[in-house]
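The values are calculated or read from the model by the stated rules, or taken from the named source; none is laboratory data. Just so we're clear, the structure is a prediction, and the values are computed from it rather than from any experiment. Cβ coordinates were reconstructed from backbone atoms using ideal geometry, including for glycine residues, and neighbour counts include every protein chain displayed. These area figures cover heavy atoms from the full protein model, side chains too; ligands, DNA and RNA do not enter into them. Shrake-Rupley method; radii C 1.70, N 1.55, O 1.52, S 1.80 Å.
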Amino acid sequence: MDDFYYRKLNVYHQAMKLVTSIYRLSAEFPQQEKNGLTNQLRRAAVSVPSNIAEGMGRFSIKERVHYLEIANGSLMEVMCQLEVALQLGYILQQQFDELELSISATTKMLLGLRNTLINKQNNNH
């Protein structure tokens, strides 16, 4: 058994790419946002792959699904914070659009994994 199964998941790698993009983008935010939007956005972004990893480390399917749902909630938080950054002029529309596509793809992958786990659970009962 692979101790780090989550590393085999495409959604995990997609989420890690998003984190990298968010860190690079937010490095350009104004200094006064360091303890505000920059920090909050980064924490939300890191929460996505972290919750995927933690969920896949759980033994019950119910818990795995729960952590995937938390990861999805964090994606929505990232999306909201990017909208704030766009409104404040910290990012360009093109940057926002590219990240929105990435977030949308990650959301779909999370939903697919969640549904697979739920179907597996339902077939075992």
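The figures follow:
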| read-out | value |
| --- | --- |
| Criterion: aliphatic (A, V, I, L, M), open to solvent by less than 50 Å² (accessible area, probe 1.4 Å), closer than 27 Å to Asn122 by Cα and over 13 Å from the mean Cα position of the chain (by Cα) - qualifying residue of Ile61, Ile91 | Ile61 |
| Meets criteria (under 23 Å from Phe4 (Cα atoms), under 19 Å from the mean Cα position of the chain (by Cα) and either open to solvent by 50 Å² or more (accessible area, probe 1.4 Å) or free of Cβ contacts under 8 Å to residues at least 12 places away in the same chain (or both)) for Glu98 | no |
| Options Ala27, Ala44: the member that is surrounded by 19 or more Cβ atoms within 10 Å (Cβ to Cβ) and modelled with pLDDT of 95 or more | Ala44 |
| Looking only at the range 1-12, and only at residues there that are surrounded by 15 or more Cβ atoms within 10 Å (Cβ to Cβ) and of a type outside the set (Phe, Trp, Tyr), the one that is nearest to Leu92 (Cα to Cα) | Val11 |
| Test: residue in the range 14-21 that is touching a Leu at 6+ places or on another chain (Cβ under 6 Å), at pLDDT 95 or above and in a helix (DSSP H, G or I) | no |
